[in-house]
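The values are calculated or read from the model by the stated rules, or taken from the named source; none is laboratory data. This one's a predicted model, so the numbers in the text were calculated from it and none came from an experiment. Glycine also receives a Cβ, built like all others from the backbone with ideal geometry; neighbour counts cover every protein chain displayed.
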Amino acid sequence: MIGPALKGVYDRRSPEWVMNMILNPDGMLKEDPIAKALLKEYNNAVMLNQNLSEEDARAIVEYLRTL
Ligand code: HEM
């Protein structure tokens, strides 16, 4: 496992936050306090930007609700 398991992610994060993490992980890891803490927790393993479209990201945000 590289990153956090995403089941139940909305118990701890808002859909907007997750959307930002999917679309702009680089910016989040630099500026968002929660993302910065996760980076530390996961031994500085950087979540890479997958260059997804907003539409794809939205579909993933919805999918994560079903886990
Ligand atoms: C479309 C694909 C991906 C989605 C939807 C996604 C989603 C997320 C979300 C929502 C978080 C925050 C989890 C939380 O708050 O508990 C997260 C964190 C993280 N993800 Fe991803 N992720 C993706 C791809 C990747 C890839 C490809 C990697 C590694 C190669 C990765 C590595 C990480 C790591 C290590 C973290 C913790 C923050 C950090 O250390 O950078 N993710 N991811």
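All of (1) within 17 Å of Tyr63 (Cβ to Cβ); (2) out of contact with any Leu (no Cβ under 9 Å at 6 or more places or on another chain); (3) of a type outside the set (Phe, Trp, Tyr) hold for Val9 with one exception: (2). Tallying residues that are farther than 15 Å from Ile60 by Cβ and in contact with a Leu (Cβ under 9 Å, 6 or more places away or on another chain) within region 12-27 yields 1.
Would you check which residues across region 6-60 are part of a loop (DSSP other than H, G, I, E, B) and more than 8 Å from the ligand (Cβ to nearest atom) and list them?
Within region 6-60, Lys7, Gly8, Ser14, Asn24, Asp32, Asn49, Asn51, Ser53 meet the criteria.
Beta carbons closer than 6 Å, at least 6 apart along the sequence or on distinct chains, pair a first residue in region 1-28 that is free of Cβ contacts under 8 Å to residues at least 24 places away in the same chain with a second that is part of a loop (DSSP other than H, G, I, E, B) and of a type outside the set (Gly, Ala, Ser) for Asp26/Asn49.
Among the residues examined, Lys36 does not qualify as free of Cβ contacts under 8 Å to residues at least 12 places away in the same chain, loosely packed, with under 13 Cβ neighbours inside 10 Å and charged (D, E, K, R). Each residue in region 39-67 was checked for being surrounded by 13 or more Cβ atoms within 10 Å (Cβ to Cβ), in contact (Cβ under 8 Å) with a residue 12 or more places away in the chain, of a type outside the set (Phe, Trp, Tyr) and under 18 Å from Met1 (Cβ atoms), and 2 of them qualify. In the set (1) near the ligand (Cβ under 9 Å from one of its atoms); (2) at pLDDT 95 or above; (3) within 10 Å of the chain's Cα centre (by Cα), Gly3 fails one condition alone, (2).
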